[in-house]
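Asker: This is the structure I want to talk about, given as structure tokens.
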Amino acid sequence: MNIALLAVPAAVAACFVRLLSPPRRAMHDGLPPRFDASTRRPALHQSTRRLLWRAKSAARALESASPAGPAQPPAASGSSSPSNASHTSHACAPAVTWHASRAVRWKEWLARVLPASHAQQRTHAYLDSFSLLECAPVAAFVLDAQGQVMCANAHAERLFHGQQGQLSGLGIDMLVPHLWSAVQRDAQSLQVEPAAPVDMFRTPPSAPAAAPALTRETRAKRRDGSDFPAQVVLHPIAWQGASAMLGFVCDRTESYELKRDRQELAHLTRVSTLGELAGSLAHELNQPLTAILSNVQAAQRFIEHDPPDLAEVRDILNDIVDDSCRASEVIRRIRAFVKKEELELVRLDIGGVLRDVVQLVHSDAIVRGVHLSLDVDEHLPPVRGDKVQLQQVMLNLIVNAFDAVRDVDPLDRVVTAFAGRDRDGMIRVAVRDRGHGMSADRLERIFKPFVTSKAQGLGLGLSISRSIVEMHRGRLWAEKNSDQGMTFHVTLPPWNEPATARATE
Amino acid sequence: MNAAQCELGVTVYVVDDEECVRRALSRLIHSAGYRVEAYGLAREFLAQVAAQRSAALPHSVPEPACVVLDVQMPDLSGLELQRELDETLPAVFLTGHGDIAMTVGALKAGAADFLTKPVRDADLLHAIGQALARSAAAVQQQHELRELQSRLERLTPREREVMQLVVLGRLNKQVACELGTVEKTVKAHRARVMQKMEVGSLAELVRVADKVAQPGLSPKPAS
């Protein structure tokens, strides 16, 4: 998806080109019939048509000069002419994935493609310049100084399930709750200067790009009361001589759902991994319970003695406290692991994360007769990450390693987990086994979903682990050991690197 | 009873890799009056037992003892450890999650009992009591055997040959014929055998011969 975003400026240009193209086929784009430009909107003013013609030429020129290359082949542009520009808004591709923060650039583009001459036409252009946004594949609107919608494009009306013209006059808070108060709060930082606002569509190419925009990830409300996750970008502009706000709203439902599905899947695999460990976790819990019961019964007997051995009973009580804490610690670890919470990127000691996981599989190692050793560099810098997800990765790697040594000689049932620092400053966690290993062509395939060597495996563990590590701006890969078995490596950037502060989604 | 057991040198070994469990079990068993020795590693325990055995006099027999064993241990599983022990040191197994196969395997291999964790004190102490009784019986048996063997070793090769044939039910003259000697000599040998083996009748001699038979009554040089 991110790759698509990079091409947006070129896509916008292409959009303009198609705006000016004649309709190819009536059914061409599958848009709802009411998005038919000829019925929805009056014909453009003659002067605007002329402007658009210029815009088209400029857009073409820019498109060919664009470093990203032409994003969309302007298929029908060759036959377009100024006279049929008014029919065409429905030809613009609705599929262009739009990133609202990029939308602001549009203004710059428009500023560049529209000429500064034709002073007498400017007043007309004012009225119609917003109609340029009618075809935009993003919801756009203009707010007055009181936060009321002055006009909204067709996409906005569709997005908010409003009837034509219904959005005009509404307070923006009706559409995006609490947005206007946020605007007021941020008015300072937005540096809205009514005296010199950026004039929409009129900034000369040499002028500074734009006043800073206000961007909000929030929930927007449709007219029917339902809400959806949205990204809103507001930009101060001059509109008909007064200061106003140009706003764009992007429906983020898909990206939210994608993110949620990914979390859901990670959670499911986490739970299923823990399910495999259920037996040994029960053992892990059983040990302190055994100690507690025996301690209590011993205490009962010591009290019966004549004289009662109170010193011994005191020791016993101390031990019972410790054992109870240990039992609840086991439960805490399990619960923390299966909990379903939003991703939380915090400063983490990766050695501690690894130790926690080793504790979790301690009993499993004993039951399987695997010798698990841990080698952690004590002076590791912290990383930025989600504790549960990174634990999931390490648990997955360690349990895989246990499986890898299942059929080998008992003396070779050795798994080693390291945490250390690479020469290039990256934090590395490695899990090494002495199993049978695998052929070189499988080394990369195992990271694909649904590839598994286990009878009851889903084949999702490694692919999810890799996506988790990549989300942490790290890398996960497998290597064959020179002697025997395999090593899985995870590298993560340390906390202090500024790049890590930009958490990805 | 408590003091008596301590004085008798009855020892219960506890082998569990988990320190908290080891301590709790040791306490519980100690509270019942047994001497307890606890080990965290199976091999450490085996080494200790072996050291005690080798330090003891050649003909002495061990005191009754038993071992409370965790099945799952990192260095050596409880079942593997049990194979290294003889019947004077019966094992009471404790396990967090034992299955039928594991239980049957352990009991077939001579385990005194198989209990699941967490264990109630009555169950554990009962099992320990039975294991110690078994150990005491085995010790007693071993003691007797040693005694009989030492008597047997006092016999001359000729007396041993005579004894072997006599317990098979041969008459004196048949023995004399087989050994190529006269009945009178056989009679004298036989009387000395009865005396050295400290038995009063032929029936008793046969029983003794049977007991010693397991390790082998085969003629061996009376060193």
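Asker: Taking θ = phi - 60°, what integer Hz values does the Karplus form 6.51 cos²θ - 1.76 cosθ + 1.60 yield along the stretch A:307-316, in sequence order, with x for Gly and Pro?
Answerer: Values, residue by residue: x, x, 8, 6, 4, 5, 4, 4, 4, 4 Hz.
Asker: Now, a different point. Provide the three semi-axes, in whole Å and in decreasing order, of the ellipsoid equivalent to the stretch A:239-380 as defined by the square roots of 5 times the Cα gyration tensor eigenvalues.
Answerer: 50, 21, 16
Asker: Have a look at the stretch B:110-174 and give its Rg and Dmax from the Cα atoms, expressed in angstrom.
Answerer: According to the Cα coordinates of the stretch B:110-174, Rg and Dmax are 21.4, 67 Å.
Asker: Under a straight-distance cross-link criterion of Cα-Cα below 23 Å, which lysines are reachable from A:K480, leaving out those fewer than 8 residues away in the same chain?
Answerer: Within the straight-line cut-off, A:K480 pairs with A:K448, A:K454.
Asker: Using Cα-Cα distances under 8 Å and only pairs 6 or more residues apart, what relative contact order does the stretch A:211-282 have, in percent?
Answerer: 21 percent
Asker: Just to verify a number: FRET efficiency for A:V321 and B:H97, C-beta to C-beta distance, R0 = 35 Å, to 0.05?
Answerer: My answer for the efficiency is 0.85.
Asker: Shifting gears a bit: So what is the relative contact order for the stretch B:74-119, in percent, with contacts set as C-alpha pairs under 8 Å and at least six apart?
Answerer: Worked out over the stretch B:74-119, it gives 43 percent.
Asker: Then there is this: When you look at the Cβ of every residue in A:295-308, what mean number of other chain Cβ atoms sits within 10 Å?
Answerer: 4
Asker: Let me check I've understood the local charge: for A:L179, count other residues with C-beta under 12 angstrom from its C-beta, Lys and Arg +1, Asp and Glu -1. What total comes out?
Answerer: Values: positive: A:R185, A:R216, A:R219, A:K221; negative: A:D173, A:D186, A:E217.
With Lys, Arg at +1 and Asp, Glu at -1, the net is +1.
Asker: Would you grab the residues whose amide H sits under 5 Å from the one on B:L115? Only those 5+ places off in sequence or on another chain, please, with H modelled 1.01 Å from N.
Answerer: B:F93, B:L94, B:T95
Asker: Ranked from highest to lowest mean number of other Cβ atoms within 10 Å per residue, what is the order of the peptides B:174-185, B:126-137?
Answerer: Highest mean packing first, the order is B:126-137, B:174-185.
Asker: Going by the alpha-carbon gyration tensor, a ≥ b ≥ c the square roots of its eigenvalues, is the stretch A:405-454 rounded (a/c under 1.5) or, if a/c is not under 1.5, prolate (a/b greater than b/c) versus oblate?
Answerer: Oblate, since a/c reaches 1.5 and b/c is not below a/b.
Asker: Here's something else I'd like to know. What list of ³J(HN,Hα) values in whole Hz, one per residue of the stretch B:148-153 in order, does the Karplus curve 6.51 cos²θ - 1.76 cosθ + 1.60 (θ = phi - 60°) give from phi, with Gly and Pro shown as x?
Answerer: 4, 5, 5, 5, 4, 5
Asker: Once Lys and Arg get +1 and Asp and Glu get -1 on their Cβ, which of A:I350, A:V313, A:L265 lies farthest toward the positive end of the dipole of the stretch A:255-351?
Answerer: The residue sitting most towards the positive pole is A:L265.
Asker: Hey, another quick one. Determine the gain in length on full extension of the stretch B:E19-B:K173; use 0.36 nm per residue of separation and subtract their C-alpha separation, reporting nm with one decimal. Before the final figure, lay out the partial values.
Answerer: Numbers: separation 154, 0.36 × 154 = 55.44 nm, distance 6.92 nm.
Result: 48.5 nm gained on full extension.
Asker: Sticking with this structure for a sec: Residues with amide H under 5 Å of A:W495's amide H, sequence separation 5 or more or different chain, H placed in the peptide plane at 1.01 Å from N; which?
Answerer: Correct list: A:V383, A:R384.
Asker: How crowded by other chains is B:27-35, given as the mean number of beta carbons from other chains within 10 Å of each beta carbon? Can you show the working numbers first?
Answerer: Working: counts 13, 11, 2, 4, 13, 3, 2, 0, 0.
So the per-residue partner count for this stretch is 5.
Asker: Separate question: Tell me the Kirkwood hydrodynamic radius of the stretch B:92-223 in angstroms, computed as one over the mean inverse distance between distinct C-alpha pairs.
Answerer: For the stretch B:92-223, inverting the mean 1/r across all distinct Cα pairs yields 18.0 Å.
Asker: To continue, here is another question. Express the relative contact order of chain B as a whole percentage, based on alpha carbon pairs under 8 Å and six or more residues apart in sequence.
Answerer: Worked out over chain B, it gives 15 percent.
Asker: So, one more: Under 18 Å between alpha carbons, and skipping anything fewer than 8 positions from B:K211 in its own chain: which lysines qualify?
Answerer: B:K196, B:K220
Coordinate-derived values only; no laboratory data. Given the structure is predicted, the values throughout are model-derived calculations rather than measurements. Cβ atoms come from the backbone with ideal geometry, glycine included; neighbour counts cover every protein chain shown.
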